[in-house]
Amino acid sequence: MQSSPKLDRIILMRIGIYDPYLDTLGGGEKYMLAAASCLGLKSDVYVFWDDANILKLAQKKFNIDLSKVKTTDNIFKPDISSLYRFIESKKFDSILFLSDGSLPLVACDLYVHFQFPVEWVSSNSFMDKIKIKRIKKFICNSYFTKEHIDKKFNIESMVIYPPTYYKTKFPKIDYKNKENIILNVGRYQRLSDGTSFKKQEFIINTFKKLVDKGLKNWQLYLVLSFFEKDRKFTEEIKKTVKNYPIKVLENISYNDLSQVYKKARIYWHASGFGEDLKTHPEKAEHFGITTVEAMINGLVPIVIDAGGQKEIAEENKSGFLWKTQEELLLKTSLLIEDPVKLNEMAKKAVERSKIFSTDNFCTKILHEFIK
C-alpha cells in the first residue's frame with residue numbers, strides 16, 4: 001500500500017477581526033489588535049478596515065507587533081447588506097467581533113467580545129435570540145463587564161483579561177531614581193455635563209487640595225490623548241492647572257509614555273466617580289489597562305472602588321481603593337508620608353500585575369480559536 005504524500009505546508013485558519021471603534025485607538029482597540037497579533041502566530045489574520053494605514057498607526061501607538069496582520073474590505077460597514085456580509089463571511093473560519101451592542105449574522109464561527117455593559121440594548125426579539133444561539137462564544141474583558149452582559153443576554157460568557165505589552169521579560173525598575181510624581185493616563189472625552197469620562201477635572205481638583213493643604217515636592221502628571229476636534233477642551237484643562245505643579249502631556253507616543261511610567265510613584269484612576277453606576281454601569285471603568293501598565297512599572301495604584309478597577313488592585317496590598325475624595329486624599333497622604341510602605345506596595349503591585357501578562361492573554365486566545 002502506497003503511503004500518503006506529505007503535505008508541503010500547513011493550511012492555516014483564516015480569522016477576521018472587527019472593531020467599530022478602531023480609528024479611536026483606545027483600550028478596546030489595544031485588546032482587539034493584541035488578539036490579532038497573538039492569532040497571527042498560528043493563523044492568517046485580517047482586520048476588517050478600509051484604511052490599511054490604521055495598522056501602522058496602531059503599531060506605533062501600542063507597540064504591538066502587527067507584521068503578520070493584514071487589512072481587508074470592511075464587510076461590517078452600515079451600507080453593506082446583511083446578505084453580502086453573510087456570503088463574504090464564508091471566506092473565514094472564524095470572526096472576532098467587538099460589539100457595541102449589535103450582533104451580526106455570519107456564516108462562520110462568531111466570537112463576540114464586550115468591553116463594557118450595554119444596558120440600553122434590547123435583546124428579547126426573536127431575531128436577537130437566533131443571533132445569540134449562533135454565537136460560538138461571548139468573551140468579556142472583566143468580571144464587571146461579564147456580570148452585566150450575562151444578565152442582559154441571558155448567557156454565560158467567559159473572561160479573558162486584557163494584556164499588557166510586556167512579554168515574559170518585565171521592565172527593570174529603578175525605585176531609587178523614581179520621582180515624586182502622581183500619574184493619570186487617559187483619553188479626554190467631554191460628556192454632556194461638561195466633565196470628562198476619565199474625570200480629569202476631578203483629579204486636578206483633588207491634587208490641588210493636596211497642595212493647598214501643604215503638600216510640597218510632588219507633581220501631578222496628566223497624560224491626555226484626544227482627537228483634534230477636542231483640543232479646545234484640553235486647552236481649557238491646561239488653563240486650570242496654572243500656578244500648581246501639574247504637567248499636562250498631550251498625545252505622546254508609547255515610548256514617551258513608558259518613560260513617564262518609569263519615573264512616577266503613584267497612579268490615580270477616577271472613572272465613574274459621581275455617576276449613578278447602578279443605572280449607567282457603562283460609565284465606570286470597564287477594566288483599566290493603564291492601571292496595570294502603571295503597576296508593571298512599580299507605581300502604586302490608588303483607584304476608585306468601582307468597575308473593573310476592583311479586580312486589579314488589592315486593598316492595602318498591591319494598592320488602595322477609594323469611594324470618596326476624602327478617602328483618596330487620606331490614602332494618598334498615607335503613602336506619601338511613609339516611603340517604606342510606598343516601596344513595599346510598589347513591589348507587590350508589580351507581582352500582582354503579572355497575572356495580566358501578554359503571555360497569559362495569548363495562551364487563552366489561542367486556546368479558544370486554534371483547535
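Please determine, in degrees from 0 to 90 and to the nearest 10, the orientation of helix 358-369 with respect to the longest principal axis defined by the Cα atoms of the chain, where the helix direction is its Cα long axis.
Compared with the principal axis, the helix lies near 20 degrees.
Which whole-number percentage describes the relative contact order of the range 175-355, with Cα contacts under 8 Å and a sequence gap of 6 or more?
On the way: 289 pairs, mean separation 38.2, N = 181.
Computed over the range 175-355, the figure is 21 percent.
Exactly which trypsin sites (Lys or Arg not before Pro) in the range 138-231 are in a DSSP loop and have at most 15 other Cβ atoms within 10 Å?
Numbers: sites: 146, 151, 152, 167, 169, 172, 176, 178, 187, 190, 198, 199, 208, 209, 213, 216, 229, 231; in loops: 167, 169, 172, 178, 198, 199, 213, 216.
Here the trypsin sites (Lys or Arg not before Pro) that fit, given the DSSP loop and packing criteria, are 167, 169, 172, 213, 216.
Which listed residue (96, 76, 86) has the Cα farthest towards the positive end of the charge dipole for the range 26-105, taking +1 on Lys and Arg C-beta and -1 on Asp and Glu C-beta about the Cα centre?
Ranked along the dipole, the leading option is 96.
So, in nm, how far is label residue 12 from label residue 151 when the simple model puts each one 7 Å beyond its Cα toward the Cβ?
Computed distance between label sites residue 12 and residue 151 equals 4.2 nm.
Taking H placed 1.01 Å from N in the peptide plane, check which residues at least 5 places from residue 71 or on another chain put their amide H under 5 Å from its amide H.
Sorted by chain and number, the residues that satisfy this are 47.
Quick check on the chain: helices-only [θ] at 222 nm, where DSSP H runs of length 4 and up contribute -39,500 (n - 2.57) each and the sum goes over total residues. Nearest 500, please.
On the way: 12 runs with 130 residues, N = 371.
Counting only the DSSP helices, I get -10500 deg cm²/dmol.
Please give the length that would be gained between residue 236 and residue 24 if that part of the chain were fully extended, namely 0.36 nm times their separation in residues minus their C-alpha to C-alpha distance (nm, one decimal).
Details: separation 212, 0.36 × 212 = 76.32 nm, distance 2.17 nm.
Full extension from residue 236 to residue 24 adds 74.1 nm.
Quick one: dipole size for the range 13-160, taken about the Cα centre, charges +1 on Lys/Arg Cβ and -1 on Asp/Glu Cβ, in debye to the nearest 20.
Values: 21 positive and 18 negative charges, 76 e Å.
About 360 debye.
At q = 0.08, 0.11, 0.19 Å⁻¹, what log₁₀ I(q)/I(0) does a Debye calculation on the Cα points of the range 175-355 give, no solvent, two decimals?
Per q value, in the given order, log10 I(q)/I(0) is -0.22, -0.43, -1.40.
Explain nothing, just compute: Karplus ³J(HN,Hα) = 6.51 cos²θ - 1.76 cosθ + 1.60, θ = phi - 60°, for every residue of the range 96-112 in order, whole Hz, x for Gly and Pro.
9, 10, 7, 9, 9, x, 7, 10, x, 9, 10, 9, 10, 4, 10, 10, 10
At a 10 angstrom cut-off on C-beta neighbours, averaged per residue, how do the peptides 350-363, 85-98 rank from highest to lowest? Mind showing how you got there, number by number?
On the way: 350-363: 17.4, 85-98: 18.9.
Sorting 350-363, 85-98 by mean packing, highest first, produces 85-98, 350-363.
Helix 143-153: angle to the longest alpha-carbon principal axis of the chain, degrees 0 to 90, nearest 10?
Approximately 50 degrees, to the nearest ten.
Using r as the Cβ-Cβ distance of residue 67 and residue 122, and R0 as 35 Å, what FRET efficiency do you calculate, to the nearest 0.05? Write out the running numbers ahead of the final one.
Numbers: r = 41 Å, r/R0 = 1.17.
With a Förster radius of 35 Å, E is 0.30.
Obtain the radius of gyration and the Kirkwood radius of the chain from its C-alpha atoms and give Rg over Rh. Kindly include the intermediate steps, with their values, before the conclusion.
On the way: Rg = 22.0 Å, Rh = 22.0 Å.
Across the chain, the Cα-based Rg/Rh ratio is 1.00.
Computed FRET efficiency, Cβ-Cβ of residue 180 and residue 134, R0 51 Å: what is it to the nearest 0.05? Kindly include the intermediate steps, with their values, before the conclusion.
Working: r = 55 Å, r/R0 = 1.07.
Efficiency computed from Cβ-Cβ geometry: 0.40.
Suppose the chain between residue 256 and residue 107 were pulled fully straight at 0.36 nm per residue; how much longer would it get relative to their current alpha carbon spacing?
On the way: separation 149, 0.36 × 149 = 53.64 nm, distance 4.31 nm.
Separation in residues times 0.36 nm, less the Cα-Cα distance, equals 49.3 nm.
Take the chain, connect every pair of alpha-carbon atoms lying under 10 Å apart with a spring to form a Gaussian network, then pick out the residue of 298, 26, 288 with the largest mean-square fluctuation.
Of 298, 26, 288, the most mobile in the Gaussian network model is 26.
How would you classify the range 4-124 from its alpha-carbon gyration tensor, with a ≥ b ≥ c the square roots of the eigenvalues: rounded for a/c under 1.5, else prolate if a/b is greater than b/c, otherwise oblate?
Details: a/c = 1.84, a/b = 1.22, b/c = 1.50.
Oblate shape, in that a/c is at least 1.5 and b/c is the bigger or equal ratio.
On C-alpha positions alone, give me the angle between the axis of helix 231-240 and the longest principal axis of the chain, in degrees, nearest 10.
So the inclination is approximately 20 degrees.
Can you flag which of 278/354; 77/131; 68/347; 152/364 are past 28 Å Cα-Cα? Show your work: numbers first, answer last.
On the way: 278/354 31 Å; 77/131 18 Å; 68/347 35 Å; 152/364 25 Å.
Distance filter (> 28 Å) returns 278/354; 68/347.
Just rank 280, 269, fewest to most, by other beta-carbon atoms within 10 angstrom. Can you show the working numbers first?
Numbers: 280 13, 269 29.
Ascending Cβ contact count within 10 Å gives the list 280, 269.
Using a 10 Å cut-off around each Cβ, can you sort 158, 32, 13 from fewest to most neighbouring Cβ atoms?
Working: 158 12, 32 22, 13 17.
Fewest-to-most ranking of 158, 32, 13: 158, 13, 32.
Amide H neighbours of residue 300 under 5 Å, at least 5 residues apart or on other chains, H built in the peptide plane: list them.
So residue 300 has HN proximity to 266, 267.
No value in this document is a laboratory result; all are computed from the given coordinates. Just so we're clear, the structure is a prediction, and the values are computed from it rather than from any experiment. Note that each Cβ is placed from the backbone with ideal geometry, even for glycine, and that neighbours are counted across all protein chains shown.
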